[in-house]
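Trainee: This is the structure I have questions about; it appears just below.
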There are 2 protein chains.
Amino acid sequence: MNYPNNIKKQYKRIIESANRGMTLENDLNITNEYYKDQGIALVYKKPTPIKVVDLSYNKNKVTINKAFFEKASTTDYNGIYKGKYIDFEAKEVNSTTSFCLANIQKHQIEHLFKVLEHGGISFLIVRFIRLDKTFFISSQVLKEFVNTYERKSIPISFFEENGYVINTGYSIRVDYISILNNLYFGGFNESN
Amino acid sequence: MNYPNNIKKQYKRIIESANRGMTLENDLNITNEYYKDQGIALVYKKPTPIKVVDLSYNKNKVTINKAFFEKASTTDYNGIYKGKYIDFEAKEVNSTTSFCLANIQKHQIEHLFKVLEHGGISFLIVRFIRLDKTFFISSQVLKEFVNTYERKSIPISFFEENGYVINTGYSIRVDYISILNNLYFGGFNESN
């Protein structure tokens with residue numbers, strides 16, 4: 001198609017960011033499917049909310065003719081592990097040095113903190129694509145960062161010191177449950 | 001518009017059922033908003049998943065030009081109360097005598113049972129519109145029914161004997177948390 005150059009660039013950026021988003025999302029889908037099949041945990045990605053502008057009906061089939069994506073009111077993932085409520089947001093970044101907090105909506109961060117107040121387990125999964133490293137960072141630690149520092153981006157050194165590298169495997173692409181075991185279910189491993 | 005009569009009837013049925021659905025859904029939204037504001041519980045309705053067929057991009061604005069609603073893979077509501085994972089489905093029916101199980105997808109019922117296996121709290125909320133009565137029925141009880149009886153609809157007598165009537169108020173339109181308190185958090189009230 002013959003889009004003007006600036007539109008092409010923007011389109012390319014959206015596609016790239018969609019693809020970027022898909023990698024970690026896809027890995028998490030496979031992981032969650034595995035956790036579910038093995039009876040380990042039940043965790044689902046919430047659908048993206050949309051605002052429907054125009055609908056039509058044909059027999060019992062409803063077609064959406066116009067709609068827009070809306071901002072999610074909470075985080076993308078939640079579920080249950082060993083009776084406990086778990087809740088997290090997952091992000092991929094291109095930077096090799098830091099994770100900009102603007103990548104997450106402010107109300108999503110507040111949601112993670114609220115889950116803590118209600119006695120649940122909440123955290124962030126951040127993948128530094130170019131380093132091929134995926135970190136787990138608990139909301140407690142995230143809260144400490146937000147309350148202590150003025151800066152709006154978390155340097156990778158902070159992840160290395162206060163987070164955990166998530167192991168990757170074939171079926172368990174992003175094994176965040178083993179981190180939860182270590183942190184919250186009495187299985188803390190000194191070698192981690 | 002000049003739809004043929006049968007299409008008109010179907011359209012009317014969809015609209016009516018959408019409106020029917022909205023009443024309990026709306027009451028639950030108000031209730032959950034109240035629970036959230038008061039710091040009692042965090043419970044959200046999941047967005048309906050859609051299958052996007054056609055998208056367009058204009059600057060950074062994404063417009064969905066064609067999409068269809070998909071079947072939800074889990075139940076409509078989940079969240080956290082006192083650290084515990086809670087999960088439920090809510091339905092309204094016109095019948096005054098029974099609740100037909102076909103109102104809920106089979107995999108949604110299985111999901112409710114799975115939540116139990118993982119140590120969570122799951123249940124059904126069923127409103128008999130014409131009786132102006134809203135029942136709470138735990139997944140344990142639902143499981144008993146499904147395992148014991150051949151029939152595909154739950155008679156209202158079963159709700160009366162094995163469920164709980166949910167109180168309605170102004171801010172707490174569907175006060176299911178007080179039922180949870182009674183059943184799972186040591187606040188069982190003999191008068192209930």
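Trainee: Over chain A, with a single point scatterer placed on each C-alpha, what log10 of the ratio I(q)/I(0) does the Debye formula yield at q = 0.13, 0.14, 0.18 1/Å?
Mentor: Values, matching the q order: -0.78, -0.89, -1.33.
Trainee: Solvent-accessible area per residue for chain B at a 1.4 Å probe radius, Å²?
Mentor: Ligands and nucleic acids excluded, the result is 53 Å² per residue.
Trainee: Based on DSSP loop calls and a cut-off of at most 14 other Cβ atoms within 10 Å, the longest stretch of chain A free of exposed trypsin sites (Lys or Arg not before Pro) is what?
Mentor: A:72-150
Trainee: Taking a label point 7 Å out from Cα toward Cβ, give me the nm distances from B:Glu160 to the same spot in the other copies, shortest first, one decimal.
Mentor: Between copies, matching label points for B:Glu160 lie 7.0 nm apart.
Trainee: Any aspartates and glutamates with Cα under 17 Å of the B:Lys84 Cα? List them, leaving off those in the same chain fewer than 8 positions away.
Mentor: A:Asp87, A:Glu117, B:Glu117
Trainee: Could you work out [θ]222 nm for the protein assembly as shown from helices alone, using -39500 (n - 2.57) per DSSP H run of at least four and dividing by all its residues? Round to the nearest 500 deg cm²/dmol.
Mentor: Roughly -12000 deg cm²/dmol at 222 nm, from the helical runs in the protein assembly as shown.
Trainee: Suppose you put the label 7 Å out from Cα in the Cβ direction; list, shortest first and in nm with one decimal, how far B:Lys66 is from each other copy's label.
Mentor: 1.7
Trainee: So which chymotrypsin sites (Phe, Trp or Tyr not before Pro) in segment B:120-191 are both in a DSSP loop and have at most 16 other Cβ atoms within 10 Å of their Cβ?
Mentor: B:Tyr149, B:Tyr170, B:Phe185, B:Phe188
Trainee: In whole Å, what is the distance between the alpha-carbon centres of segment A:77-95 and segment B:150-180?
Mentor: Each part's Cα centre sits 32 Å from the other's.
Trainee: Sticking with this structure for a sec: Ignoring the sites themselves, what is the longest stretch of chain B with no GluC sites (Glu not before Pro) in a DSSP loop and at most 14 other beta-carbon atoms within 10 Å?
Mentor: B:71-149
Trainee: Please report, in cubic angstrom per residue, the volume enclosed by the convex hull of the alpha-carbon atoms of segment A:41-134.
Mentor: On the way: hull volume 15.1 nm³, N = 94.
Value for segment A:41-134: 161 Å³ per residue.
Trainee: While we're looking at this one, here's another question. Using only the Cα atoms of segment A:114-192, what are the Rg and Dmax in Å?
Mentor: 13.2, 39
Trainee: Rounded to the nearest 0.05, what FRET efficiency do B:Val52 and B:Glu160 give with R0 = 30 Å and r taken as the Cβ-Cβ distance? Could you check?
Mentor: E between B:Val52 and B:Glu160, to the nearest 0.05, is 0.10.
Trainee: Using only the alpha carbons of the protein assembly as shown, determine the length spanned along each of the three principal axes and report them from longest to shortest in whole angstroms.
Mentor: Extents along the principal axes, in whole Å: 63, 58, 40.
Trainee: Still on this structure: Assuming a strict under-17 Å limit between Cα atoms, what lysine pair count do you get for segment A:102-192 once near-sequence pairs (fewer than 8 apart, same chain) are dropped?
Mentor: For segment A:102-192, qualifying lysine pairs total 5.
Trainee: Next question. Which of the chymotrypsin sites (Phe, Trp or Tyr not before Pro) found in segment B:85-115 are in a DSSP loop and have at most 10 neighbouring Cβ atoms, other than their own, within 10 Å?
Mentor: none
Trainee: What size of dipole, in debye to the nearest 20, comes out for the protein assembly as shown about its Cα centre when the only charges are +1 on Lys and Arg C-beta atoms and -1 on Asp and Glu C-beta atoms? Mind dumping the intermediate values first?
Mentor: On the way: 50 positive and 40 negative charges, 369 e Å.
It comes to approximately 1780 debye.
Trainee: Need the list of lysines near B:Lys66 for cross-linking: C-alpha distance under 20 angstrom, and skip anything on the same chain fewer than eight residues off.
Mentor: A:Lys51, A:Lys59, A:Lys61, A:Lys66, A:Lys71, B:Lys51
The values are calculated or read from the model by the stated rules, or taken from the named source; none is laboratory data. Keep in mind the model is a prediction, meaning the values are calculated, not measured. Using ideal geometry, Cβ is built from the backbone for each residue, glycine included, and neighbour counts are taken over all protein chains shown. Keep in mind that these areas ignore ligands, DNA and RNA; they rest on the heavy atoms of the full protein, side chains included. Shrake-Rupley method; radii C 1.70, N 1.55, O 1.52, S 1.80 Å.
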